[in-house]
Amino acid sequence: MNEDKARVYLERSKSSPLNLSLERHGEMYPDDPFFQFIPQIIGRLGYLFVRGGPESVQNIITHLSHPAPLLGRLEICVDSLPAPRLTSALFDGDLSSLDVLNLDSVRTELPWRNMVNLTWFSLAGMPPGEISATELLDFFESAPCLREVHLNFVHPTPGAQSGRLVSLTCLKCMIIGDCGPPSVLLDHLLIPVGAELEMQADVVSSIVGVLLPRHLDNLRNLSDFTTVKLYLDNSRLRMVLSGPNGRVSLASTGSRANETSLMLESLAQLDTSKTERFRIENGRPLSRDLVHRALLPMKDLRVFVLCECSSPHIFIRALHPSTRSSEVLVCPNLEELVLHNNGEEAFDMDDVIGMAEVRASRGRKLGVVGVVGGVNEPDPEDVLELGKHVGRVEYNIRPGVIDDDW
């Protein structure tokens, strides 16, 4: 704001790296202090943040054509359209010193090379058709140290070479939000062991088919996922898959009239044979058969949690073995069942008792049944009767114990 003081500070600080924040929301004139100082400081930049309207940002980046060998962090954010364009002239095309790169609402023709030190990358608000899947894959290959990636409202055009795979060996976290079908990229990325992958999209079709890659082997962190959590409401559907080596969170925004069926059918597309824990929150099943089909492949399931679900008797009946000996027992290794009332529709304890009794008669006795207290608490006599057919009943558990970590 004060050119004379700024000049003194620049002289006294000699060659020390500079952290510079530029916000220009109005028109930039030729006498703007930025134009006076940029030639002598560009080589000293350690951190640069630029924010403003399209014309101001374009004017600023046009003057950033000289090398910046100390630049470790670069953030460029544009407030409105049309998005300005970054070219390979930016810092003479050499971004090898960058550790953090954040681009919001810009078009880019950067060469995506010499990114050997980059660990954190965020790209948001790219106009459709401005970047291809191939360009992003080239970028990932040029940044072997990437640990965290955020893509939001980025719609890469498909067409990457069939069979091409890029391994993100250092990745710890990747978040993909509203980027069209993420599978356009995920079909070509190897997500390593230990990484966390979170995806969301506003879609009308099957959530898994749209969000996950066609080959789940790409998700090296979830080759053997053991936990599934479904969170269902009218504004957002979320499925969390996790295991000893990672986590994938899938979310679909927008109201669904039949969200429970959508999620259960999506779950059926995956191999859930090694799932040990399954939690459903706010589920509203339409039929026993649909729940039965979703549970049938879960042969290793040990813990099943129903939290604030409507029509809970449908879930219980899906666990109830048929009196016909020909029907395969659902979840034969189930040890723990947790029932959390929502205060509106109580669990029918006769259903629970009947299910537990038949399972015990077939040599598959439940170890623990937990009943979380609510407005409609079960009759104590029913709880005692249930205790005859299971190893232990934990009755009137405080609702707070059924948290996200179980």
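Here, each number is a calculation from the coordinates, and none is a lab measurement. Every value quoted in this text rests on a predicted model; they were computed, and no experiment measured them. Because the Cβ atoms are built from the backbone with ideal geometry, glycine has one as well, and the counts that use them run over all protein chains shown.
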Self-check item: Crossing angle, helix 3-12 versus the chain [Cα axis fit, 0-90 degrees, rounded to tens]
Solution: 90
Quiz item: Where in the range 22-40 is the amide nitrogen less than 16 Å from a point lying 7 Å along the Cα-to-Cβ axis of Asn2?
Solution: none
Quiz item: Which label marks the calculated value of volume of the Cα convex hull per residue in Å³, given the options (i) 147; (ii) 130; (iii) 168?
Solution: (iii)
Quiz item: Excluding Cys77 itself, what net charge comes from residues whose Cβ is under 11 Å from its Cβ, given Lys and Arg +1 and Asp and Glu -1?
Solution: -3
Exercise. With a ≥ b ≥ c taken as the square roots of the eigenvalues of the C-alpha gyration tensor of the range 1-98, please select rounded if a/c is under 1.5 and otherwise prolate if a/b is larger than b/c or oblate if it is not?
Key: oblate
Practice problem: Check the straight Cα-Cα distances from Lys5 and name the lysines below 19 Å, setting aside those fewer than 8 residues away within the same chain. | Solution: Lys14
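For every other residue with a beta carbon closer than 12 angstrom to the beta carbon of Gly26, add +1 if it is Lys or Arg and -1 if Asp or Glu, then tell me the sum. Let's see the in-between values first.
On the way: positive: Arg24; negative: Glu23, Glu27, Asp32, Glu55, Asp79.
Cβ neighbours under 12 Å give a net charge of -4.
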Quiz item: Semi-axes of the equivalent ellipsoid of the range 104-150: what are they in whole Å, largest first, if each equals the square root of 5 times a C-alpha gyration tensor eigenvalue?
Solution: 18, 12, 9
Practice problem: Have a look at Ser261, Ser16, Ser242 and tell me which one the Gaussian network model of the chain (Cα, springs below 10 Å) gives the largest fluctuation. | Solution: Ser16
Quiz prompt | Straight-distance crosslink candidates among aspartates and glutamates, where the alpha carbon sits under 12 Å from Lys274 and sequence neighbours closer than 8 are dropped | solution = Asp224, Asp300
Quiz item: What number, rounded to the nearest 500 deg cm²/dmol, is the helix-based mean residue ellipticity at 222 nm of the chain, given -39500 (n - 2.57) per DSSP H run of at least four residues and division by all its residues?
Solution: -6000 deg cm²/dmol
Exercise. Can you tell me the relative contact order of the range 10-126? Whole percent, Cα pairs under 8 Å, sequence separation 6 or more.
Key: 21
